[in-house]
Amino acid sequence: MSVKTTLWDVTEHLDSSESIAEYLEAAFEDGDPALIAAALGDVARAMGMTQLAGKAGVTREALYKALSPTGDPRLSTFLGVMKGLGLKLTPRAA
């Protein structure tokens, strides 16, 4: 008997505002900008890229590009995505 496996997709588990916030919090704790962008991309795919792009005030194509592995989102895009997710970026002393 062989074991069948399937690919694990994080977007299937980002189904509540709490799970999204915890996922992004973990990415921010790591501090790697590429990881943060990738996590935002995961959340955007889970929510629907078109829907989030509209809320963030950018085109779907621009959002895909900004949150791609080679992307480098502008601060305005980043803040728009956070606002579209209903999240605030709050500085806190390290």
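The values are calculated or read from the model by the stated rules, or taken from the named source; none is laboratory data. Quantities reported herein were computed from a predicted structural model and do not represent experimental measurements. Virtual Cβ from ideal backbone geometry, glycine too; neighbours counted across all protein chains shown.
Considering the range 4-26, the residues that are of a type in the set (Asp, Glu) and surrounded by 11 or more Cβ atoms within 10 Å (Cβ to Cβ) include one that is farthest from residue 89 (Cα to Cα), namely 9.
Selection of the range 79-88 for residues being surrounded by fewer than 19 Cβ atoms within 10 Å (Cβ to Cβ) and assigned to a helix (DSSP H, G or I) yields 79, 82, 83. Just one of the listed residues (73, 91) is crowded, with 19+ Cβ neighbours inside 10 Å, outside any helix (DSSP H, G or I) and of a type outside the set (A, V, I, L, M, F, W, C), namely 73. Looking only at the range 1-14, residues that are out of contact with any helix residue (DSSP H, G or I) (no Cβ under 7 Å at 6 or more places or on another chain), not in a helix (DSSP H, G or I) and not aromatic (Phe, Trp, Tyr) come to 8 in all. Quick check on my filter: what residues within the range 15-68 are among the hydroxyl-bearing types (Ser, Thr, Tyr), at pLDDT 90 or above and outside any helix (DSSP H, G or I)? Answer for the range 15-68, where residues must be among the hydroxyl-bearing types (Ser, Thr, Tyr), at pLDDT 90 or above and outside any helix (DSSP H, G or I): 16, 59.
Taking the conditions (1) touching a helix residue (DSSP H, G or I) at 6+ places or on another chain (Cβ under 6 Å); (2) among the aliphatic types (A, V, I, L, M); (3) within 20 Å of residue 18 (Cβ to Cβ) in turn, residue 63 satisfies each one other than (3). Restricting attention to the range 74-85, the residues that are farther than 13 Å from residue 53 by Cα and either touching a residue at least 24 places away in the same chain (Cβ under 8 Å) or among the charged types (D, E, K, R) (or both) total 1.
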